[in-house]
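Inspection log for the structure reproduced underneath, given as structure tokens.
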Amino acid sequence: MAKRIVVAGGGFAGLWAAAAAARLRDRRGAEARLDIRLVAPDPFHTIRVRCYESDLAGIRVPLDDVLGPIGVQRCEARVERIDADRRSLTIRATGGSGQELGYDRLVLASGSAVVPPPIPGLSEHAFDVDTYAGAARLDAHLRALAEGRAQPGRWTAAVLGAGLVGIEIACELPARLAALRAAGSDEPVRVILIERGPEIGADMGAGRPAILAALAALAEAGVETRTGTTIASVDARGINLGNGETIPVGTLICATGLRASPLAEQLAAPRDRLGRLEVDAYLAVENVPGVYAAGDIARAAADDAGHATVMSCQHARPMGRLAGHNAACDLLGVPDERAAFFAPDYVTVLDLGPWGAAYTSGWERGVLVASGEEAKRVKSTINRQRIYPPGGRDAILAAAAPIIQSRPAAPRAT
């Protein structure tokens, strides 16, 4: 009987894990009997990093367009339970009953989700750009503002959380709101970026090129920034700050950071502060035989200098390819062909709305490669071309080849 790989998740890591496993199966020829199945709750691969954009056209790719040509079966269902001892999943399709799906190897790539802070009223009134559904809901809300009646704060938007996503959506909003506001209206457009900590973009490092560019872009767009600020509660009229101030707000967007899929908690394995599973160099989950993890649900060493992977498609895609390849190596009897993950190079390309973008190199984001319109072109190429799967069986399998980087040789003793 054919051995089975199950991939849980249809994002960047999951899609490329399934494709990489299919690639190795194809390369091994007719004797390679391997059943590959991808389980995801909807039929699309979402280019999640584009969800902050005003134009959502084309950000979803039908999974069948990628999986069908390479012989990967798709199960439209949600993973509810992992039984690692029995090597079995409980999956449930929308409106259906739970079913058991066994595996010989599991690649867990169920991603992450934004975690709203426990602020009264936030979950009822806030939007997010974490998923296509969230982005579409926000888009519909913004368009409906123009049809609604004039009221205080109608064209005021607040963004909670000044990390990378918060900065990107805040830079995008002023022009987006102004374009939707009725011609001739004198209602002011106002965007406020609220951060609980002492700095905007603290992860980018004070005084470094990316944050300097971000601050310039926010200022040029007219975005107000408030640091050291908390929201005490939210209601239909707006936000109530911790200092007692009330701001009428028509739109509140939560961009407060991500946490790994709760499926990670079902495995008896170490996890980091973001809930990510600790994996070894081959992306196998520690202490759980038969399970690999990739993408936002996994924390892997990226280099020999102590840097770990981040929740980004920059790492999710190569992690997925390697996890799928390594799982297939196990089952096709070529364990020596497994490869270790190594990703010493790191870049950041931050979209800053009409101002342009900031493109930095290095883990400390200390080297500015490009900025403004030049960096914006790079960002557009990444978001709209480079991270999309190609069309056609041969091209998909070729793109699924794992990127294997060698560690530098240790210096010889003299």
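The values are calculated or read from the model by the stated rules, or taken from the named source; none is laboratory data. All figures in this text were calculated on a predicted structure; none of them were measured in a lab. Ideal geometry is used to build each Cβ from the backbone, glycine not excepted, and the neighbour counts take in all protein chains shown.
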Filtered residues of the stretch 84-97 (kept if without any contact (Cβ under 8 Å) to a residue 40 or more places away in the chain, surrounded by 13 or more Cβ atoms within 10 Å (Cβ to Cβ) and not basic (K, R)): S88, T90, A93
Which numbered condition A409 fails, given (1) at pLDDT 95 or above; (2) part of a loop (DSSP other than H, G, I, E, B); (3) surrounded by fewer than 20 Cβ atoms within 10 Å (Cβ to Cβ): (1)
Scan of the stretch 270-320 for residues that are part of a helix (DSSP H, G or I) and either under 12 Å from the mean Cα position of the chain (by Cα) or not assigned by TED's automatic domain parsing to the domain that holds R87 (or both), ordered by number: G295, D296, I297, C313, Q314, H315, A316, R317
Cβ pairs under 7 Å, 6+ apart, first in the stretch 50-74 and aromatic (F, W, Y), second modelled with pLDDT of 95 or more: Y52/V129; Y52/V165; Y52/E168; Y52/I169; Y52/E172
Selected residue [crowded, with 24+ Cβ neighbours inside 10 Å and either hydroxyl-bearing (S, T, Y) or at pLDDT 95 or above (or both)] from A162, A140, A135: A162
Matching option when the condition is part of a helix (DSSP H, G or I), at pLDDT 95 or above and under 22 Å from G134 (Cβ atoms), among V79, V49: V49
Qualifying residue in the stretch 202-210 (condition: without any contact (Cβ under 8 Å) to a residue 60 or more places away in the chain, touching a Gly at 6+ places or on another chain (Cβ under 7 Å) and either outside any loop (DSSP other than H, G, I, E, B) or farther than 19 Å from E53 by Cβ (or both)): yes
Verdict on S54 being of a type in the set (G, A, S), more than 30 Å from A401 (Cβ to Cβ) and part of a helix (DSSP H, G or I): no
Total residues in the stretch 344-379, condition in a loop (DSSP other than H, G, I, E, B) and out of contact with any strand residue (DSSP E or B) (no Cβ under 9 Å at 6 or more places or on another chain): 3
Hits in the stretch 320-342 (condition: of a type in the set (A, V, I, L, M) and either buried (at least 20 other Cβ atoms within 10 Å of the Cβ) or within 24 Å of A30 (Cβ to Cβ) (or both)): L322, A323, A327, A328, L331, L332, V334
The stretch 165-194, subset touching a Ser or Thr at 6+ places or on another chain (Cβ under 6 Å) and in a strand (DSSP E or B), residue surrounded by the most Cβ atoms within 10 Å (Cβ to Cβ): L193
Residues (over 23 Å from Y388 (Cα atoms) and in a helix (DSSP H, G or I)) located in the stretch 1-26: none
Residues of the stretch 216-240 classified as surrounded by 17 or more Cβ atoms within 10 Å (Cβ to Cβ) and among the hydrophobic types (A, V, I, L, M, F, W, C), total: 7
Residue ID - nearest to V165 (Cα to Cα), chosen from residues in the stretch 46-73 that are surrounded by 20 or more Cβ atoms within 10 Å (Cβ to Cβ) and in contact with a Pro (Cβ under 7 Å, 6 or more places away or on another chain): L63
